[in-house]
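No lab work stands behind these numbers, since they all come straight from the coordinates. What you see is a predicted model, and the numbers here were worked out from it, not measured in a lab. Cβ sites come from the backbone with ideal geometry, for glycine too, and all protein chains shown count toward neighbours.
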There are 2 protein chains.
Amino acid sequence: MKPSTRLSKMQESPIRKLVPIAEKAKKSGKKIYHLNIGQPDIETPAAFLEAIKSFDQKTIAYSFSQGEPSLIRAMIGYYEKHGIHFAENELLVTNGGSEALLFSIIATTDPGDEILVPEPFYTNYNGFSLPVGVTVKPITTSPMDGFRLPDLATLESYLTPKTKTVLLSNPGNPTGVVYTSDEVKRIAELAIKHDLFIIADEVYREFVYDGFEYTSFASVPEIEDRLLLVDSISKRFSACGARIGLVASKNHDIISGILKLCMSRLCVPTLEQIGAEALYSVPQTYFDTVNTEYRARRDIVYEALNQIDGVVCEKPRGAFYVVAKLPVDDAEKFAIWLLEDYENNGESVMFAPAAGFYATPGLGVDEVRIAYILNQDSLKRAMAILDAALKVYPGRKK
Amino acid sequence: MKPSTRLSKMQESPIRKLVPIAEKAKKSGKKIYHLNIGQPDIETPAAFLEAIKSFDQKTIAYSFSQGEPSLIRAMIGYYEKHGIHFAENELLVTNGGSEALLFSIIATTDPGDEILVPEPFYTNYNGFSLPVGVTVKPITTSPMDGFRLPDLATLESYLTPKTKTVLLSNPGNPTGVVYTSDEVKRIAELAIKHDLFIIADEVYREFVYDGFEYTSFASVPEIEDRLLLVDSISKRFSACGARIGLVASKNHDIISGILKLCMSRLCVPTLEQIGAEALYSVPQTYFDTVNTEYRARRDIVYEALNQIDGVVCEKPRGAFYVVAKLPVDDAEKFAIWLLEDYENNGESVMFAPAAGFYATPGLGVDEVRIAYILNQDSLKRAMAILDAALKVYPGRKK
């Protein structure tokens, strides 16, 4: 028997689909530098495991569907420090930012509706939309101008009567773009004028470099009734495997509606919430140190890319990704070749082919997303491997 | 702005919607016996926390989207002991049985399709169907005959061209019914004859009493291509707050399709999987002890109910629930009255009104689901409170 049409239509994650090939390469003894996935090598602050290890109840019981009240208060305290104010009944704990995105899409759309997303975009936006009957309409942006958003009239040209929601990440995954205050206001204007919801994925908020001023969608009071803020501890505290996220909104109908979805899946893991709460007590110096480290990593990757003939990329201002255009026939073929057929002193490197981050067919075929999530020495070595590999890759373009 | 229609149409969980009222009662100093939710007071085997406390990696990293291979092998080993054979690529770890149900529904239906579910049913089956555009069509069963399934011709009368899937729990939540081998074969025959998928929720497999023989849907070879088995560690190991479940199928298109959904949400929490794996090593004596305890609890509740005038219920053979018809005007009003207006030496009791477990309007209005998940003394006390409360409840029916 065949699965549903919606499942058959889903594409495999461009971040994860090459994993079996990489596992095979590693089993054969090759060392692979993983720059394909946003899995940082930064240590999770010790407070996380310490809190969990001090858990002394005998039964691992259900938690509250909305999340543990003490974790919710810790999250609210975090936003207060950023000048963003949420009440306890305006924030729900979710299974990672992933579930927050899924629930936000369900909350703002019905089957057949459309959501606008600047492309290239975090590919799972599609992975959460398709299964619930929603179509992602891409607003094309380009590496040639640093993935800037188009003007209001161009944004409006993407609207149809089915458009319900604008979904975007800021800082951007996979682009590393950080929207200017003007761009944020432009999206707000679009939403107000055409009565759209905004789902703002701000999981990379701390990852902004070069003193660039960050504008949260939650700092625009005019859109508070139409904003769903999605967040996560995964990147902020290097705790990806904890799967703790949140959705916050001042629209109480939205929050009480999403709470019904939360009730359906009963709760988020109890222990992980205890660990997450402890993370919110790490001092500001933690973020400063991590930010400095990522900036150095970005500089290594960006400068190395800039020295390779035929590579095009703009210096990313945020997150920990860069999308680079490579002088190759097909970035996916190149990525597979790197894993299966290439090695440099027994080592190779793994990227995410960027075509999977575009919804428009044909775009991004010669682009890759590079996650600069390894230590500086590993990144230098990985970029040297890329440079050497491009010199001998059979599909190299002149 | 108003949420989507699908979200607005969702009902609140009958299990959880009275929680705020209960919290208020508890704050006022009243002790509440919680028989509304399947949260057992049985201790989680110590192996769970011990395994997690020995975790010594510095970074809480993403796990595999399909689940940790060692956990998958432990789950397969568990099924082998029950004569059920799955290969490693036929089983995916999920965020509780909840996510396994959601993914199974998405995998077997498209928006506008229907799934058949015997009612009363675990209310969240609706909570997973509605948001993905699917309608639950109830097959009505009744407390008057112990919730037996109707014959094949009656089952067929519920079919429409939109019917894609039969979903049922066995042992049954909320009914405590355990399907006979004949009933299981009847559902299999229905599915084969009309080309339907079967989603079998078998999370209560260990909770079968009185030596009744349990028939897993996975033991029927004729339906292996159309069967999705949903399972969870929540009840089996009294680890509800761990949120570890699974979906297994011998239909490889289904599993590789659901793996795409798993990739979208990246992974299940890393630590919880480590704990879950350890649970699969507990000896058979653990299950025997727990089963004996629940049987004793069931007997206390069933015998107490039988001695109250006007109560109708059949002795449940499985799970840890009983649906009882009470001599009251409205079971939800009665439940709220118990929390807000009644006390017996400073104590009261909380049930789940059963109407929320029926999809057919008007059914179950005077029924409650009682979860016998407290120790025997607490259950005796809770049933005494129920007896006393029914004598003075203003909406008591003669």
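Put simply, when B:125-137, B:384-396 are sorted by average Cβ atoms within 10 angstrom per residue, most first, you get B:125-137, B:384-396.
Measuring between their Cα centroids, region B:4-22 and region B:113-149 lie 17 Å from each other.
Amide hydrogen proximity for B:K31: with H placed 1.01 Å from N in the peptide plane, the residues at 5 or more positions away or on another chain lying under 5 Å are B:E347, B:S348. Could you give, in nm with one decimal, how far B:D225 is from each other copy of that position, shortest first, with labels 7 Å out from Cα toward Cβ? So the distances to the same position in the other copies read 5.5 nm. Once backbone amide H atoms are built at 1.01 Å from N, B:V136 has B:I115 as its partners under 5 Å, excluding neighbours fewer than 5 places away on the same chain. Averaging sequence separations of C-alpha pairs under 8 Å and six or more residues apart, then dividing by the length of region B:47-279, give the relative contact order as a whole percent. Answer for region B:47-279 is 31 percent. Principal axis extents of the C-alpha atoms in region A:1-152 (largest first, rounded to whole Å): 51, 47, 46.
For A:S169, nonlocal amide neighbours, meaning residues 5 or more places apart or on other chains whose placed amide H falls under 5 Å from its own, are A:D201. Each label point was placed 7 Å from the Cα along the Cα-to-Cβ direction; for A:E213 and A:K9 their separation is 4.3 nm.
Its alpha carbons considered, region A:47-279 gives a radius of gyration followed by a Dmax of 17.5, 60 Å. Hey, what angle do you get for helix B:284-306 against the long axis of chain B, alpha-carbon based, 0 to 90 degrees rounded to 10? Result, in degrees: 30.
Here the Karplus curve 6.51 cos²θ - 1.76 cosθ + 1.60, taken at θ = phi - 60°, turns the phi angles of region A:13-30 into couplings of 4, x, 7, 10, 5, 8, 4, x, 5, 5, 4, 5, 4, 5, 4, 7, x, 7 Hz, with x standing for Gly and Pro. Counting only alpha carbon atoms, the long axis of helix A:181-194 and the longest principal axis of chain A meet at about 60°.
One compactness figure for region A:85-213 is 1.04, namely its Cα radius of gyration divided by 2.2 N^0.38 Å.
Within the straight-line cut-off of under 24 Å between alpha carbons, the lysines reachable from B:K235 are A:K53, A:K58, A:K260, B:K17, B:K53, B:K81, B:K315, B:K380, sequence neighbours fewer than 8 places apart in one chain being disregarded.
Shown here is the pair-distance distribution of the protein assembly as shown: with all Cα-Cα distances grouped in 20 Å bins from zero up to the longest one, the shares run 16, 49, 29, 6, 0 percent.
With a 10 Å cut-off around each Cβ of B:39-50, the average count of Cβ atoms from other chains is 3.
Relative to one another, the C-alpha centroids of region A:216-253 and region A:328-356 are positioned 35 Å apart. In nanometres and ascending order, the distances from the B:A388 label point to those of the other copies are 8.1 (point 7 Å from Cα along Cα→Cβ).
For region B:270-311, backbone nitrogen atoms closer than 20 Å to the point 7 Å from B:R73 Cα along Cα-to-C-beta are found at B:270-283.
Applying the Karplus relation 6.51 cos²θ - 1.76 cosθ + 1.60 with θ = phi - 60° to region B:160-170 yields 3J(HN,Hα) values of 9, x, 8, 6, 10, 8, 10, 10, 7, 9, 8 Hz, where x marks Gly and Pro.
Among the residues of B:233-243, the average count of other protein chain beta-carbon atoms within 10 Å of the residue beta-carbon is 5.
Annotation: peptides A:254-266, A:78-90, ranked by per-residue average of other Cβ atoms within 10 Å with the highest first, follow the order A:254-266, A:78-90. With the simple model of a label 7 Å out from the Cα in the direction of the Cβ, A:A296 to A:H85 spans 4.0 nm.
Quick one: Cα convex hull volume of chain A, Å³ per residue?
Working: hull volume 63.2 nm³, N = 398.
Residue-normalised Cα hull volume stands at 159 Å³.
Our coupling estimate for region B:65-76, obtained by passing each phi through the Karplus curve with A = 6.51, B = -1.76, C = 1.60 and θ = phi - 60°, is 4, 7, x, 5, x, 5, 5, 4, 5, 5, 5, 4 Hz, Gly and Pro reported as x. Sorted from nearest, the other copies put their A:E88 label points 4.7 nm away, the label point being 7 Å from Cα in the direction of Cβ. Against chain A, whose longest principal axis is taken from its Cα atoms, helix A:252-264 shows a tilt of about 70°.
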